[in-house]
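Input: a single structure, listed below in structure tokens.
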Amino acid sequence: MTRLKPPQWTVFNCDSRFRILVAGRRFGKTYLAMVELCRSAWSAGRLVWYVAPTYKQAKRIAWKPLQQMTRPYWASKPNETDLRIELVSGGSICLRGADNYDSLRGDGLDFLILDEYASIAPPAWTEVLRPALADKQGRALFIGTPRGYNHFYDLYHTVQGRPEWRTFQFTTEQGGNVSRQELESATHELDERTYRQEFQASFENLTTGIVYYAFDRDAHVRPVDHDPRLPLFWSLDFNINPMCAVIGQREDQWVHVLDEAVLSDSNTAAACEEFLKRTAPWVARSYLPMQVDVYGDATGDARRSSASRTDWQLVREFLDRHRDLVRGVWHVGSSNPAVRDRVNCVNAKLCNQAGTRRLQIDPRCQQLIQDLERVHWKTDSNGNALNDIDKSDPARTHTSDALGYMIAAQFPMRAPGGYRPEYLV
């Protein structure tokens, strides 16, 4: 337990029955959880659980670290099927997933950790796990990074000041496991809300209201000239009506959007011809075939625009036919990034945590501009935010999706690469 850092010790030494720890990424939450489990199981007959949002997450995050920490104290070989470790002290530690929380009924618990509680369904606690602590007067520790104003936020604020409850909130920097240089680097890669949520443990509205909240027409829209020294990028969203693409250039960390192509009731072949038409003046001024970096919707390899060829096959054939004019360079992955990751990448270009804007859009891109101003997150019938974009307006989302594919491919979200001690998640 000598490896606990001072903020972790603060949580560890608290004797409140129910504790909540809200902390930034790489704070050391999982290592603290392992130490807490070992302490709580160190008596005969005690049963303690570590519960993650899913069974697979519990095994991936905690099983190996827990085995390594407890190896000298095994009473028998750990049960790989039940994810159970019996200790020589007579106590037991089990890992569980909350994805099928009704299956967790029955056992009385002495101690419980709910990891990434923001991603665990609230009834798992209220209907199943809280009652499991009743007969033994068991204790619980909730840990996690915020995910907007959901039930984790509600619990954190509701219980403050209540007897038996204690709350803690620490940033990544306070955890002492990530260097300041790495955090400074992250401020240039993440938009301000995402940075505050992930590294400052702040509850942020990332899935409600306007999707591209960092967009400012006055700051981002201005005439953009083609630079003959730089390659073009062409990023496509394979929607039938409309089919959309954006054309631009990347200059180091900057993204310059020169033009958009929005075609009603169209197809991939027509989109290719429109690209050649839009870029003809720039291609004509080039002595050599112009490099075109191609990005877009990865599902284009599944969707067929003709009897036998997929969308991306049609694009490849088009570029091959015009090798005297353009030289295509492929940047299309096997799958698309998660929607929220893609959105966060775009917002980081619009304005990152350091206040830097690195995205310029030509005024001719009217559909893209309207997307960035008007696209909203989807909500359910009760007005609760969902983790997906509202696509009820057929004219919206497609040009911003196209831009997002390019930005997410070239400037992806990444985890900090600073000091990573064993057991840390």
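The values are calculated or read from the model by the stated rules, or taken from the named source; none is laboratory data. This is a predicted model, so every value here is computed, not measured. Positions of Cβ are generated from backbone atoms using ideal geometry, with glycine treated the same way; all protein chains shown enter the neighbour counts. Surface accessibility is based on the protein's heavy atoms, side chains included, excluding ligands, DNA and RNA. Shrake-Rupley method; radii C 1.70, N 1.55, O 1.52, S 1.80 Å.
Kindly indicate the residue of the range 263-296 that is closer than 19 Å to L314 by Cα and assigned to a loop (DSSP other than H, G, I, E, B) and also least open to solvent (accessible area, probe 1.4 Å) among those meeting that condition.
Restricting to residues being closer than 19 Å to L314 by Cα and assigned to a loop (DSSP other than H, G, I, E, B), the top hit is S266.
Please enumerate the residues belonging to the range 71-87 that are surrounded by 13 or more Cβ atoms within 10 Å (Cβ to Cβ) and β-branched (V, I, T).
Residue satisfying the conditions is I85 alone.
When you go through (1) touching a residue at least 24 places away in the same chain (Cβ under 8 Å); (2) more than 16 Å from the chain's Cα centre (by Cα) one by one for D393, which number turns out not to apply?
Answer for D393: the failing condition is (1).
Could you list, in sequence order, all residues of the range 109-158 that are charged (D, E, K, R) and either more than 20 Å from F170 (Cβ to Cβ) or open to solvent by 20 Å² or more (accessible area, probe 1.4 Å) (or both)?
Correct list: D110, E116, E127, R130, D135, K136, R139, R147, D154.
It is to be established whether one or more residues within the range 329-337 are surrounded by fewer than 18 Cβ atoms within 10 Å (Cβ to Cβ), without any contact (Cβ under 8 Å) to a residue 12 or more places away in the chain, part of a loop (DSSP other than H, G, I, E, B) and touching a strand residue (DSSP E or B) at 6+ places or on another chain (Cβ under 9 Å).
Within the range 329-337, none of the residues are surrounded by fewer than 18 Cβ atoms within 10 Å (Cβ to Cβ), without any contact (Cβ under 8 Å) to a residue 12 or more places away in the chain, part of a loop (DSSP other than H, G, I, E, B) and touching a strand residue (DSSP E or B) at 6+ places or on another chain (Cβ under 9 Å).
Output the number of the condition that E164 fails; it satisfies all remaining conditions of (1) more than 20 Å from W49 (Cβ to Cβ); (2) touching a strand residue (DSSP E or B) at 6+ places or on another chain (Cβ under 6 Å); (3) surrounded by fewer than 19 Cβ atoms within 10 Å (Cβ to Cβ); (4) in contact (Cβ under 8 Å) with a residue 40 or more places away in the chain.
Every listed condition holds for E164 apart from (1).
Which one of these is open to solvent by less than 60 Å² (accessible area, probe 1.4 Å), of a type in the set (K, R) and within 19 Å of G138 (Cα to Cα): R17, R46, R105, R26?
So the residue among R17, R46, R105, R26 that is open to solvent by less than 60 Å² (accessible area, probe 1.4 Å), of a type in the set (K, R) and within 19 Å of G138 (Cα to Cα) is R17.
Identify the single condition in (1) over 29 Å from the mean Cα position of the chain (by Cα); (2) in contact (Cβ under 8 Å) with a residue 12 or more places away in the chain that M34 does not satisfy, given that it satisfies every other one.
(1)
Failed condition for R316, given (1) part of a strand (DSSP E or B); (2) touching a Gly at 6+ places or on another chain (Cβ under 8 Å); (3) surrounded by fewer than 18 Cβ atoms within 10 Å (Cβ to Cβ), with all others met?
(1)
Is there any pair with a first residue in the range 216-242 that is over 19 Å from I407 (Cα atoms) and a second that is β-branched (V, I, T) whose Cβ atoms are under 6 Å apart and which are 6 or more apart or on different chains, and what are they?
As it stands, the answer is P242/V262, since those pairs meet every condition given.
Determine the pairs where a residue that is in contact (Cβ under 8 Å) with a residue 60 or more places away in the chain, located within the range 112-139, has a partner that is open to solvent by 50 Å² or more (accessible area, probe 1.4 Å) and aromatic (F, W, Y) with Cβ atoms under 6 Å apart, the partner being 6 or more residues away or on another chain.
That search, which allows pairs on different chains as well, returns A124/Y101.
I61 - would you say it is crowded, with 19+ Cβ neighbours inside 10 Å, among the β-branched types (V, I, T) and modelled with pLDDT under 95?
yes
For the range 237-262, give me each residue that is farther than 26 Å from Y287 by Cα and open to solvent by less than 30 Å² (accessible area, probe 1.4 Å).
D237, F238, P242, M243, C244
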